[in-house]
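**Q** Input: one structure, supplied below.
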Amino acid sequence: MVLGKRTGHEQVLPKPAEERAPVTSLPRPIEVSQEPREIANRNIDPRAEAGLRSIVSAESTFDVGQFLEGAQSAYRMILEAYWKGDEESLAWLVNDDVRGAFAEAIAERAAAGHVLDNRLVSIERAVISDASVDGKQARITVRFDADIAAVTRDADGNLVAGSMSDAVETHDVWTFARTLKSSDPNWKLADTDEA
């Protein structure tokens, strides 16, 4: 084949966009997928449904899926701040009671000369186990099943306890609280417990 020689099998080059006829889009039927609702339902204990309905009733913009995503992000951020001893970050993530308990534990750890070198490997599951509204205060409890690699080191960096190669299964129950219709959209950690 000789380049530049016409053989009759040439392809027509497309016209520039401004010379083409406008494309008319035909309306498509809207497909409603039930999957997100089913996924959300798997992440909600039936005992929490009435409380969640009360929250939605009081604040129509509340979205369970967004809350769960935010709760998982908060779980990671709070754990990392606690492990690092970052009380400034904890201040805007947790309420005063939790902040006080965390500050005390951080101070005890520092006094012992220990440093946590932990890593959240994965959050296997996050389930809303309870929800309630009391006056203007909304509370949602989430059970987190996670894998954490936990290591405690002394001031010189020597291993005191744990292993970074062997993650430990953890089961935490955290309650987040927020004043409904508040200008502050953030939920704060109000209580922690082990499952």
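**Q** State all residues of segment 114-156 that are over 19 Å from GLU80 (Cβ atoms) and modelled with pLDDT under 95; if no residue qualifies, say none.
**A** Within segment 114-156, ASP154, ALA155, ASP156 qualify.
**Q** Something else about it: State all residues of segment 112-156 that are touching a residue at least 24 places away in the same chain (Cβ under 8 Å) and part of a loop (DSSP other than H, G, I, E, B); if no residue qualifies, say none.
**A** GLY113, HIS114, ASP117, ASN118, LYS136, ASP154, ALA155, listed by residue number.
**Q** Name the residues in segment 157-195 that are aliphatic (A, V, I, L, M) and either touching a Cys at 6+ places or on another chain (Cβ under 8 Å) or not in a strand (DSSP E or B) (or both), would you?
**A** LEU180, ALA195
**Q** Also, quick follow-up: Please work out if ARG143 is surrounded by 14 or more Cβ atoms within 10 Å (Cβ to Cβ) and either under 29 Å from ALA58 (Cα atoms) or of a type in the set (A, V, I, L, M) (or both). Step through it out loud before you land on a result.
**A** Details: surrounded by 14 or more Cβ atoms within 10 Å (Cβ to Cβ): yes; either under 29 Å from ALA58 (Cα atoms) or of a type in the set (A, V, I, L, M) (or both): yes.
Yes.
**Q** Sticking with this one: Need pairs with beta-carbon distance below 7 Å; first residue under 14 Å from TYR75 (Cα atoms) and within segment 179-195, second among the hydroxyl-bearing types (Ser, Thr, Tyr) and surrounded by 10 or more Cβ atoms within 10 Å (Cβ to Cβ); sequence gap 6+ or separate chains.
**A** So the pair list comes out as ALA190/THR175; ASP191/THR175.
Results for (1) surrounded by 15 or more Cβ atoms within 10 Å (Cβ to Cβ); (2) part of a helix (DSSP H, G or I); (3) among the aromatic types (Phe, Trp, Tyr); (4) touching a residue at least 60 places away in the same chain (Cβ under 8 Å), shown as yes or no for each residue.
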{"position": "SER54", "(1), (2), (3), (4)": "yes, yes, no, yes"}
{"position": "GLY70", "(1), (2), (3), (4)": "yes, yes, no, yes"}
{"position": "ARG76", "(1), (2), (3), (4)": "no, yes, no, no"}
{"position": "TYR82", "(1), (2), (3), (4)": "yes, yes, yes, no"}
{"position": "ASP97", "(1), (2), (3), (4)": "no, yes, no, yes"}
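**Q** Please tell me if ALA161 is of a type in the set (A, V, I, L, M, F, W, C) and in contact (Cβ under 8 Å) with a residue 12 or more places away in the chain.
**A** no
**Q** Still on this structure, please answer the following. Restricting to segment 33-45, count the residues that are in a helix (DSSP H, G or I) and either touching a Cys at 6+ places or on another chain (Cβ under 7 Å) or at pLDDT 95 or above (or both).
**A** Of the residues in segment 33-45, 0 are in a helix (DSSP H, G or I) and either touching a Cys at 6+ places or on another chain (Cβ under 7 Å) or at pLDDT 95 or above (or both).
**Q** Please go through segment 105-124 and give me each residue that is farther than 14 Å from ALA150 by Cβ, touching a strand residue (DSSP E or B) at 6+ places or on another chain (Cβ under 7 Å) and surrounded by 14 or more Cβ atoms within 10 Å (Cβ to Cβ), ordered by number.
**A** ILE123
The values are calculated or read from the model by the stated rules, or taken from the named source; none is laboratory data. Quick caveat, the model's predicted, so the values are computed rather than measured. Cβ atoms come from the backbone with ideal geometry, glycine included; neighbour counts cover every protein chain shown.
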